[in-house]
Each structure stands twice: as C-alpha cells, then as structure tokens.
Amino acid sequence: MITIKNLSKTYRTKKQNITAVDQLNMTIDSGEIFGVIGYSGAGKSTFVRLLNRLEEPTSGEIIIDGKDIVKQKKNELRLARQEIGMIFQHFNLLWSRTVHQNIAFPLEIAGVPKKERKAKVDHLIELVGLKGRENAYPSQLSGGQKQRVGIARALANDPKVLLCDEATSALDPETTDSILDLLVDINKRLGLTIILITHEMNVISKICHRVAVMDTGKVVEEGDAVHVFQNPQQAVTKRFVQQLDGSEKYESLSSAVLNEGTGTIIKLSFSGENVNQTIVSQTAKQCNVDINILQGNVLQTQSGAVGSLFLQLVGSETEVEKALDFIRSANVKAEVQELV
Amino acid sequence: MFEKWFPNVDIADLNTAIYETFYMTILSLIGTFIIGIILGLLLYLTSKGKLWENKIVYGIVAAVVNVFRAIPFIILIVLLLPFADFLMGTIRGPSAALPALIIGSAPFYARLVEIALKEVDHGVVEAAKAMGAKHSTIMVKVLLRESIPALVSGLTVTAIALIGSTAVAGVIGAGGLGDFAYFYGFQRRQTDVVILCTVLIIILVFVIQFIGDFISNKLDKR
C-alpha cells in the first residue's frame, strides 16, 4: 500500500543543516493501523507531513497505491491529496462554518454536486456520532466532538489512507479513548489504512497493529506492536514501554522495599491467553515462598491483552529458584529485578 | 424651530451637502474595499512562509502602501488633481475627490486586511491544502471567509476615517458637509452652520460604527 524509500528531509538554515527525517525506509500494508511514536523533536510530525507533501521531501520516494507522490506535479498532487485524509492535533476546523459545512468542504473542493454532498455529509455525521449537532459551530463543540468533525471531514472523499498527526494529544484520556475507538471502528468498517503519530504509548498499545519508534529522524525499532512492547531493544523504546507497565513507579517502589530488606523482586510479563492464568496462587502453593504483590497491570491491545506484574518473593534461594522455574514453565516471562 | 436654532442654514444647500458626503463616502468606500482587499491579499500571500512567498513583490507592494500612507491627505489631493482631471474630467465637485479619497484610504485598509488575514490560523490553511484545495479556493473560502469579522471591523474604521477625509476634501471644493461648514460656516462666520454640520457628521460616524459592530458580531462565530 505505502512504500517509503530513503526518505529524508533537511532544513537548511544559515548556521546549520538540520536533518529532521533521515533515510527512512518503511512499508505499510493496506488496512493496517501503523503507529509512529517518538519524543518531540524525533521527526515524527515532519514524517507524517512529508507523506502528503505539506513538507517537501529533500530526497526519497513515497509510493502510495503505486504512485510516487514525490514526483507528482502540482495538479496531480492536489488530486492525490484528495485521497489522503488527514486529522490534526488542533483539529483545524473552519470556525465560520457549521459542522455540516465543515464536513462538506473537502467535497466542495473535489467538485461533488450539492445534492450528493448533502447525502454524503449526513452519512458521515452519523458515522462519527454527531447526529443532532449538524448546525453547531466549532466553538460550540467539545474537543472530542471537534475531532469527530475532523475525522468526518478527512473521510469525506473516501480516502484510502488516513494520516493522524497527534490527533489525540490535545484531548483528555477519556475522550482520547472514544476517539481511538472510533478510529478502530472506521479501520474495520472501511478497511482504511491509518498512519498515526503520537508520543503517548497507550495510544499505540490500544489500537496499532504495528509500530515504528523514531529517534533523531531515524526509525530505531519497528515491528508488531505487542512484540515491540514485550521485547523493547532500544533505550528509547524501553522508556516508552515504562510509561505503560509501571516500571517507572516500580523504581521508586523498589527502594522502599529494599529498606525492608528481604526477598527477590521479579517482573512477570504476560501476553495473550496466559494473562488468564492463576500463576501467583499456584506458585505459592507449589513452592515454599511467600509472595507479596507490589504492582501490576493489564493492557488491552489490538492483538490481545498484555500484562506485567511485580512480585516480591521471600524464601530460601533454592525455593525462589524453584518458583522462577515454575513460573517460566507456564510460558510467562520472569525477570529478576536488580535492586537499585 | 429649525429656523430659530439654525437661522443661517439653507435647507436645500444642506441636503445637497449631505447627499455629496454620502456620495463620496459610499463610492470611495467601495473603491477602497476592492483595492484594499487586493493589496492586502498580495501583502499577506507574498510574505514569508505564505502561499506566494516572494520578497520582491512584497517589497514593492509594501513600499507603495507605505508611501501613500505617509503623504498627508490634504497634500495628496493637490498632488492628484491632474490625475483626477484626467480620470473624472473635472477638478471640482465630489467626483473629483474620489481618486484622492480612494488612493488615500486603500493603503490603510490594505494593512488592516493584511492583519486580519494573519489572524487566520495557519493550521486551517494547511488543512485545506491537505484536502487538495486550489490556491484560489484557499483565498476565497478559507482566508477571506474566515477573516470576515475582522475585515468588516477594518472597513468600519476605514469608513469613519473616510468621512473625515471627505470633510478635508471639502476645502478644495469637493462639496459635502465639510465644504458646507467651511465656506458657509467658517468663512461667513455663521457658527450655527458649523455646529449643525459637526453634529450631523458625529451622528453619521456613530451610525456607521454601530452598523459595523453589529455586522461584525453577527458574523463572528468564534
């Protein structure tokens, strides 16, 4: 669906050249929700804006549906853009237009006759759940509703690709969830390919099939979203994963436990069906160890649940070893945590 | 009653003066609006980072605008008399004042248009670009449409400044309330004429400001 080859973007200033996107290569499949995560300044926002040439690439190819966007002339590009929807962090709605008129705007641009426009807009309003708010102005809507208008507007010309530039970053967690649910729903219903840029790990974990981690303009890690969470290789990725599994909290917790002085602290990582196992109580029954649950959580992702659990095992060295072996035999990853 | 308070005012002359003031204000406002929008759009679009970024064009337009804004209006009228003669075929009366009124006000309005357009969120322009909009669509349906309340407020300010200018133009014989006050009132020492003209102009200014604010607020959906 989308193939990106050696894509680079360099900003030239008088003092220096800044490479925001550096020799990027990527393949995104049709119907996939592809997440790009990175801290601010990693080049992810530049990357997504290169895809519809809101920023001009310095070099490289972007092939969407067999056509190289980079080589297209002005008019071809205009038509190609009509097939690439985009939503923004700050929604970018026209405040002088009502919800209905905002959603109709891309149809006006594409030259759709008035009658068809109305039917299409009504359908989209229903799809994004804004029925009854057709004649409201953006200033009368909440953030979540504004983003729904943004999504409906982006879908108006039946795009094959939807670009989301930090689409949930300006929303509160609850609204973020409802917008993400809507994106998943659209992805399933319309078979739309979604490329999503974010700095929030929970956004990736909740809806993305695949993820690329960006740092200083390069993709440092890429793969199946669940796989990347469970086996983060790079330091940046590990920091993102810590946002999710509570390791950050664990670090402050560990010193408190250390002061108490006893036991071994282990981290269990679950995925898929073994989330449902009664591993803790079984371990306590099988081995002569006392178990203290420090903290844990379970995340729902696109490919099932992923969990992590921090335990303090108190017992003799051999019993703790036995417990670890027992846990590992149940296909649960167990790591002994070095105390800081 | 009227004759008691304003013994020296000839009603027929006053009506002519009012008519001439309206004539000059309305026609020059239309001219100012058209030229101001064009110049303002040019200033905005050719500035840095905008659709038609072009340092040379921006420099030329900005220079023209600044020069005409710098010339005091009374001098501008005199300078433009030959041009008015060429264009309107006369150097007297309200029509002769129109070129100077328009050329004097359009650069001022152009700057207000530029400011209004700058206030349009760049993200919205970007969103329209991402939808595949033509530049002409972005100009009309995004930039101008989204800045309408500011364009209207700017036009109100310009219209009020224009009324002042029409009074000044009266001194060189353009007619209107300014002319009336100057020749019948000041030069013949008929204070009642001056006062009446002043009151009428004040009322006119108030009415324009009120209408302008009303329209601007009505259109502002932010």
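Do the conditions hold for A:V289, that is, is it modelled with pLDDT of 80 or more and either assigned by TED's automatic domain parsing to the domain that holds A:V36 or charged (D, E, K, R) (or both)?
It is false that A:V289 is modelled with pLDDT of 80 or more and either assigned by TED's automatic domain parsing to the domain that holds A:V36 or charged (D, E, K, R) (or both).
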Inset, instruction - Please enumerate the residues belonging to segment A:137-178 that are away from chain B (no Cβ under 14 Å) and closer than 27 Å to B:E146 by Cα. - result: A:S142, A:G143, A:G144, A:Q145, A:R148, A:T168, A:L171
Legend entry - Residue satisfying all of: in segment B:95-121; assigned to a helix (DSSP H, G or I), farther than 29 Å from B:Y19 by Cβ and of a type in the set (V, I, T); nearest to the chain's Cα centre (by Cα) among these: B:V113
Legend entry - Failed item, numbered, when B:V124 is tested on (1) in contact with an Asp or Glu (Cβ under 9 Å, 6 or more places away or on another chain); (2) modelled with pLDDT under 95; (3) within 14 Å of another protein chain (Cβ to nearest Cβ): (2)
Legend entry - Elements of type strands (runs of 3 or more DSSP E) in segment A:159-224, at least 3 residues being among the hydrophobic types (A, V, I, L, M, F, W, C) and touching a residue at least 24 places away in the same chain (Cβ under 8 Å): A:161-165, A:193-198, A:210-215
Inset, instruction - May I ask you to list the residues in segment B:76-121 that are under 23 Å from B:A63 (Cβ atoms) and within 14 Å of another protein chain (Cβ to nearest Cβ)? - result: B:A116, B:L117
Legend entry - Candidates A:G129, A:G144, A:G150, filtered to the one that is in contact with a Leu (Cβ under 9 Å, 6 or more places away or on another chain) and part of a loop (DSSP other than H, G, I, E, B): A:G129
Inset, instruction - Among the residues of segment A:1-52, count how many are surrounded by fewer than 21 Cβ atoms within 10 Å (Cβ to Cβ) and in contact with a Pro (Cβ under 8 Å, 6 or more places away or on another chain). - result: 1
Inset, instruction - Can you confirm whether segment B:69-81 contains a residue that is at pLDDT below 95, surrounded by fewer than 21 Cβ atoms within 10 Å (Cβ to Cβ) and farther than 30 Å from B:A17 by Cβ? - result: yes
Inset, instruction - Scan A:V184, A:V149 and give me the residue that is farther than 20 Å from A:D65 by Cα, in the same structural domain as A:V211 (by TED's automatic domain parsing) and crowded, with 22+ Cβ neighbours inside 10 Å. - result: A:V149
Inset, instruction - Go through segment A:80-114 and give me each residue that's charged (D, E, K, R), touching a helix residue (DSSP H, G or I) at 6+ places or on another chain (Cβ under 8 Å) and assigned to a loop (DSSP other than H, G, I, E, B). - result: A:R97
Legend entry - Check on A:A119, out of contact with any helix residue (DSSP H, G or I) (no Cβ under 6 Å at 6 or more places or on another chain) and more than 14 Å from every other protein chain (Cβ to nearest Cβ): yes
Legend entry - Search result, residues across segment B:173-222 that are in contact with a Pro (Cβ under 8 Å, 6 or more places away or on another chain), assigned to a loop (DSSP other than H, G, I, E, B) and more than 14 Å from chain A (Cβ to nearest Cβ): B:A174, B:G175
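Quick grid of which residues meet (1) at pLDDT 95 or above; (2) under 14 Å from the mean Cα position of the chain (by Cα); (3) acidic (D, E); (4) buried (at least 22 other Cβ atoms within 10 Å of the Cβ):
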site: A:E174; (1), (2), (3), (4): no, no, yes, no
site: A:K188; (1), (2), (3), (4): no, no, no, no
site: A:E200; (1), (2), (3), (4): no, yes, yes, no
site: A:G223; (1), (2), (3), (4): no, yes, no, no
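The values are calculated or read from the model by the stated rules, or taken from the named source; none is laboratory data. What you see is a predicted model, and the numbers here were worked out from it, not measured in a lab. Positions of Cβ are backbone-derived with ideal geometry, glycine not excepted, and every protein chain shown enters the neighbour counts.
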